[in-house]
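Since every read-out is calculated from the coordinates, none of them should be taken as a lab result. Since this is a predicted model, take the numbers as computed values, not measurements. So basically every Cβ, Gly included, is an ideal-geometry build from the backbone, and we count neighbours across all protein chains shown.
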Amino acid sequence: MKGNSSSWNISYLGWSGFDIFRSDQGPHIFIDPPKGTVFPVEAALIIFITHGHPEHLGGTLDLLAKGGGGQDITLIGSKTVCQYLTGHCRADRVSFREIDPGQKYSLDKETGFEVFPWQHMPLLPPGIRPAIRHILAILKNFPLAWRIIRMSLGGPRGPGPMLGYLLHLPGDSRIMVYGEGLHRRCQPGDVVKGTGATLLVASEPEDVAELPELVAAIGAKEAILYEPHRGWREAFSLPHVDMSALQQAIENKDIVSRIAAVKATGY
């Protein structure tokens with residue numbers, strides 16, 4: 001899957017995880033790599049974490065606990081996330097960068113990023129009856145629900161701030177990571193602008209009506225669509241997003257759109 005520059009590849013890893021890399025040799029930029037991620041062993045790694053929910057930390061935790069792959073690792077996230085991961089790190093060549101929303105940072109002369117806050121998508125569908133049906137569907141598979149709760153209790157004390165990133169990459173490429181912050185409670189006038197960027201768009205069934213307007217308000221040149229909680233939705237027999245319909249609705253806004261191809265499998 002190509003981004004808005006032909007020299008960059010954007011590979012979906014499941015959940016909210018992405019691997020961004022150039023066609024030639026160079027560092028790999030990871031976004032929230034999930035458990036089961038296979039990291040390259042020869043390339044330097046730059047890992048961005050949006051927040052501390054367990055499915056966003058699994059791959060990084062495993063990498064750090066195993067001592068890394070012998071390469072340089074730069075880990076970027078909130079103070080909450082960095083302190084938590086530091087306590088599980090057994091790798092030697094790791095640099096933690098605690099960052100704050102509203103700030104701009106550089107990684108080298110050609111690579112930088114901006115940080116912005118967002119609010120997490122609602123966990124329950126709108127309306128009392130749909131919310132009750134949602135909860136009952138989860139309770140039918142209580143062992144999995146309890147497993148998820150235990151994972152959350154074993155993570156950071158709270159997920160920390162929800163952080164988005166606007167990446168400025170060599171080749172005049174811009175990739176916007178909005179996490180799980182585009183949803184029905186957002187207003188188009190309140191979104192962070194990413195004019196001309198490739199936007200990673202998390203989608204839930206309850207939010208698809210609002211997403212085309214939100215993507216257009218951001219000013220994205222391209223949208224890459226994914227369903228971050230598909231694995232859990234399958235396990236709990238909850239409805240999925242009609243990704244083809246969402247893609248068409250966004251393309252009706254004259255925005256190039258594509259669907260991330262890899263189905264989430266682990267956490």
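For E251 and Q103, the FRET efficiency from 1/(1 + (r/R0)^6), where r spans their Cβ atoms and R0 equals 35 Å, is about 0.55.
Charge dipole of the chain (Cα centre as origin; +1 on each Lys and Arg Cβ, -1 on each Asp and Glu Cβ, all else neutral): 720 debye, rounded to the nearest 20. Each of V192, S152, I250 was placed along the dipole of the stretch 135-259 (beta-carbon charges, centred on the mean Cα), and the one lying farthest toward the positive end is S152.
How many lysine pairs are close in the stretch 8-259, with Cα atoms under 17 Å apart and the two 8 or more places apart or on different chains? Kindly include the intermediate steps, with their values, before the conclusion.
Values: K35/K66; K79/K104; K104/K193; K193/K221; K193/K253; K221/K253.
Close lysine pairs found across the stretch 8-259: 6.
Within the listed set P130, P33, P170, the residue fluctuating most in the Gaussian network model of the chain (springs between alpha-carbon atoms under 10 angstrom) is P130. Please check: in the Gaussian network model of the chain (C-alpha springs, under 10 Å), which one of F21, F142, F48 has the largest mean-square fluctuation. Highest fluctuation of the listed residues: F142. Rounded to the nearest 20, the size of the Cβ-charge dipole of the stretch 15-145 about its Cα centre is 620 debye, with Lys and Arg at +1 and Asp and Glu at -1. At an R0 of 35 angstrom, the distance between the Cβ atoms of F96 and N9 translates into a FRET efficiency of 0.85. Along the axis of the charge dipole computed for the stretch 56-164 (Cβ charges of +1 for Lys and Arg, -1 for Asp and Glu, origin at the Cα centre), the listed residues L61, I73, P101 are led at the positive end by L61. For the chain, adding -39500 (n - 2.57) for each run of n ≥ 4 DSSP H residues and dividing by the number of residues yields -7000 deg cm²/dmol at 222 nm. Volume per residue of the convex hull around the Cα atoms, evaluated for the chain, comes out as 119 Å³.
When only the Cβ of Lys, Arg, Asp and Glu is charged (+1, +1, -1, -1), the dipole of the stretch 177-219 relative to its Cα centre reaches about 180 debye. Per residue, the convex hull around the alpha carbon atoms of the stretch 40-169 comes to 132 Å³. Among Y105, Y226, Y12, the largest mean-square fluctuation in a Gaussian network model of the chain, built with springs joining Cα atoms closer than 10 Å, belongs to Y105.
Per 0.36 nm of contour for each residue apart, how much would the distance between A131 and H88 grow if the chain were fully extended, relative to their Cα-Cα spacing? That pair, A131 and H88, stretches by 11.9 nm at full extension. In the chain, a dipole from Cβ-located charges (positive for Lys and Arg, negative for Asp and Glu) runs towards its positive end, and of H88, G17, P40 it is H88 whose Cα lies farthest in that direction.
Got the relative contact order for the stretch 8-259 handy, in percent, Cα pairs under 8 Å and 6 or more residues apart?
This gives 14 percent for the stretch 8-259.
Sequence-distant contacts, meaning Cα pairs under 8 Å at least 6 residues apart, place the relative contact order of the stretch 205-267 at 45 percent.
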